[in-house]
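Read through the structure below, which is laid out as structure tokens, and then see the notes.
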């Protein structure tokens, strides 16, 4: 098993990417091919002790920056770490690809290079979020900001397969993120999506509101990439703000400082449960290959966990499961 890693992608690349990759190779014993500028990567690798046979290097002379337009940069920078990494994946010189770089560029390059799974028109980024009842899967959180209702139906279908076969949770419940629970709420786009989901084989429970995002009301939350990305970013910011406020108030007076000593373990657990780095990366469902997208602010822990996620995706054969489910079940096949 070999996982291709974009060493140049992310706000803190290549330092944290290389460090996270070294930790992953050491702990999970997976082969990793780092894509990027050889001089920088080799200098960083010299600082670490790791199983030499598990890490290799493939040169890339260009980097797609976070601020660059996705489609244009993918067309112009063919020798970028993102494009080369996905080319290697297409050529089966690796089993999965991970990048914490420009999300739009990764989605665009993945779609153009790998193509789509048979029966799927658009990819969707699916991410696990912690809830009061365990976790939920949200799709899409940024791959497609202007989808059609059919695309959201396909997101629900792929997430259903993922939940059943990868997370071992049969017959998961599916909700559509909307501004109200009533069927009549929302735009024409959302109403049409509601109709398609209602008439599908999915265990569709109806609309869910933003307040239900972390309640565990349903297993899968379907939305377009624009709404999903905004909801995700607001949630991340809120968690960090609440944690900072709590720490600040505890330290503002002597009693609070005394109390913080007793609460430190609980605070640490809260931070761990809501920390994006614990969940690694998000899977790009729908493309013909295993692609994991990391947060731009990914640290060493997030990189290591994203590589673990890639390893699991390979082992679980998620794309094969989606294709099999479409072909085996005539009802599902008709929906596409």
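Read the figures in this text as sums done on the coordinates, not as results from a lab. Keep in mind it's a predicted model, so treat the numbers as computed, not measured. We place every Cβ from the backbone using ideal geometry, glycine too, and count neighbours over all the protein chains shown.
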Cα gyration tensor category, rounded, prolate or oblate, for region 202-251 with a/c compared to 1.5: prolate
Rounded to the nearest 0.05, what FRET efficiency do residue 93 and residue 243 have when you use their Cβ-Cβ distance and R0 = 41 Å? 0.45
Highest average packing first - 295-305, 234-244, Cβ atoms within 10 Å: 295-305, 234-244
Please give the peptides 19-27, 125-133, 81-89 ranked by average Cβ packing (other Cβ atoms within 10 Å per residue), highest first, as a rough proxy for protection. 81-89, 19-27, 125-133
How much length is gained on full extension from residue 40 to residue 181, taking 0.36 nm per residue of separation minus their Cα-Cα distance? 45.6 nm
Using the Kirkwood radius over Cα pairs of region 73-113, the Stokes-Einstein translational diffusion coefficient at 37 °C and 0.692 mPa s, in µm²/s and rounded to a whole number, is 326
Kindly put 166, 220 in sequence by how many other C-beta atoms sit within 10 Å of each C-beta, fewest to most. 166, 220
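Working out 0.36 nm times the residue gap between residue 66 and residue 26, then minus their Cα-Cα distance, what length gain in nm do you get to one decimal?
Going from the current span to full extension adds 11.5 nm.
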Pairs of alpha-carbon atoms within less than 8 angstrom and 6+ residues apart define the contacts here; what relative contact order does the chain have, in percent? 22
Taking other Cβ within 10 Å of each residue's Cβ, how do 122, 248 sort, fewest first? 248, 122
Between residue 112 and residue 317, with labels modelled 7 Å along Cα→Cβ, what's the label distance in nm to one decimal, could you check? 3.2
Which order do 317, 308 fall in if you start with the one that has the fewest other Cβ atoms within 10 Å? 317, 308
What's the ranking of 143-151, 8-16, 198-206 by average number of surrounding C-beta atoms within 10 Å, highest first? 8-16, 143-151, 198-206
Residue 252 and residue 15 label points (each 7 Å along its Cα→Cβ direction) are spaced in nm at 3.4
Tell me the label-point distance for the pair residue 192, residue 79, using the 7 Å Cα-to-Cβ offset, in nm and rounded to one decimal. 4.5
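Considering only DSSP beta bridges where both residues belong to the chain, give the percentage that are antiparallel (nearest 5).
For the chain, the DSSP antiparallel bridge percentage is about 30.
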